Amino acid sequence: MAAAKTFYAPPGAAHRPVFFYRLNHIRAASRFKTANVRQKGTNTTFVNHNAKYQQSLHSLIYPFGFELCGVTAAVEARTFASFERYIGSGMHGVMTHLAGQGEARRHPRSILPGVRSLIMLAVPYAAVLGSEPHPVKQLTGIAEYARGIDYHTWIRRRFKMLISVLQEKYTDARFRGVVDTAPLLEKEFAAAAGLGFIGKNTLLINPHCGSKIFLAAVLTTAVLTAAERDEAEVNTPAPLCAAASCGNCTRCLDACPAGALVEPYVLDARRCISYRNQFTAEDTGNSFFGCDICQNVCPHNRHIPHTAEGNVDPFMLDAETLRVMTKGSPAERRHRGV
Ligand code: SF4
Ligand code: SF4
């Protein structure tokens, strides 16, 4: 996740989503015909049909700050063959952990034996970074997701509490929270859970929250899918995301200065500025850490809140000052990778 940026994104993942919701402060897109159900006592609007089920699980998850949530079945990843082809092409570059854990990405059971369901979660960058004071915010050339505390830290803090609450409800189940580092094809499962669709820039895009979102997952041995739903619901795709796509747009491919989006849905990481300033010592111009160009041009990000860039040029600072200013942010991993 680039946070949610990963380096391959074949289209076509389509497990049945179970539910999807959004906060009602996110502007509704009128072109989507959805069944909205306001949950009493919260500011949340669900977008799907199974309101009763949504309310029970959502009421547990919402207080932990995840703005998007969906559940899907733990099955073999349908895009695993695409992932293998990607690794075979060598476009992952020096991210050997992708190749090394390749087979583990075939099925989420490699992360949690006996897993039956995945609770897919997302939170916009702005919700994590917006009010958090951090010296890295003063710097220029830092990708938005890195302008503040490391999102892994933010999410892991909440996992502990969230899982203990889920454990009280599903007493016999086991849970495991993962963010980014576990071998999970998380964009596929997030799309399957109704959180968004995979765009030509290889990122998961939510029609309301855009692509500047952090993804996380809670795997569980509990059956949270069809067993808790009416038969009619099983056959109901998430209306919001099923209707959304890139359409004819090619802005991200046209705008990428490195030609890293070699074709729609395929990112050659070796060319990508974000990869190069994290995993190599190559010159990436004014980009100190990460790159947001293919997200900034995306029309789905037009209306989302942004975390402003600073005005201090990091290339003018000495190493110790930089170390202090980036400490605790993903930007401290410059040239060191993950
Ligand atoms: S625009 Fe930047 S982040 Fe996007 S693919 Fe190109 S180099 Fe990578
Ligand atoms: S810029 Fe256009 S083509 Fe690229 S991800 Fe966004 S909508 Fe899709």
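Every number here is computed from the coordinates shown, using simple stated rules; none is lab data. Please read all numbers here as calculations on a predicted model, not as lab measurements. Methodologically, a virtual Cβ is constructed for each residue, glycine included, from the backbone with ideal geometry; neighbour enumeration extends over all protein chains shown.
With Cα atoms defining each centre, the range 270-296 and the range 103-124 are spaced 29 Å apart in the structure. Dipole of the range 91-237 computed with +1 at Lys/Arg Cβ and -1 at Asp/Glu Cβ about the Cα centre; of M95, L215, A173, farthest Cα towards the positive end is M95. For the pair H306 and V165, label points projected 7 Å from Cα toward Cβ lie 3.3 nm apart. With contacts taken as Cα pairs under 8 Å and at least 6 residues apart, the range 159-222 reaches a relative contact order of 40 percent. Applying a threshold of 28 Å to the alpha-carbon distances of K160/K187; K169/K212; K137/K212; K169/K200; K160/K212 flags K169/K212; K169/K200 as lying beyond it.
Among C298, C69, sorting on how many other beta-carbon atoms sit within 10 Å of each Cβ, with the fewest leading, yields C298, C69.
Report the one residue of Y86, S131, T72 whose Cα lies farthest in the direction of the positive end of the charge dipole of the range 69-151 (charges on C-beta: Lys and Arg +1, Asp and Glu -1; origin at the Cα centre). Looking along the dipole axis, the top candidate is T72. Fully extending the segment from S131 to T250 would add 39.5 nm, taking 0.36 nm per residue of separation and subtracting the current Cα-Cα distance. Cβ crowding within 10 Å, taken as a proxy for footprinting-reagent exposure, orders V223, V136, V266, V297 from fewest neighbours to most as V223, V297, V266, V136. Arranged from fewest to most other beta-carbon atoms within 10 Å of their beta carbon, E320, E188 become E320, E188. Projecting each Cα onto the charge dipole of the range 251-333 (Lys/Arg +1, Asp/Glu -1 at the beta carbon, about the Cα centre), which of T326, A281, V297 comes out farthest on the positive side? Result: V297, furthest along the dipole toward the positive end.
Does the range 251-333 classify as rounded, prolate or oblate by the C-alpha gyration tensor (a ≥ b ≥ c root eigenvalues; a/c under 1.5 gives rounded; else a/b over b/c gives prolate, otherwise oblate)? It comes out oblate by the Cα gyration axes.
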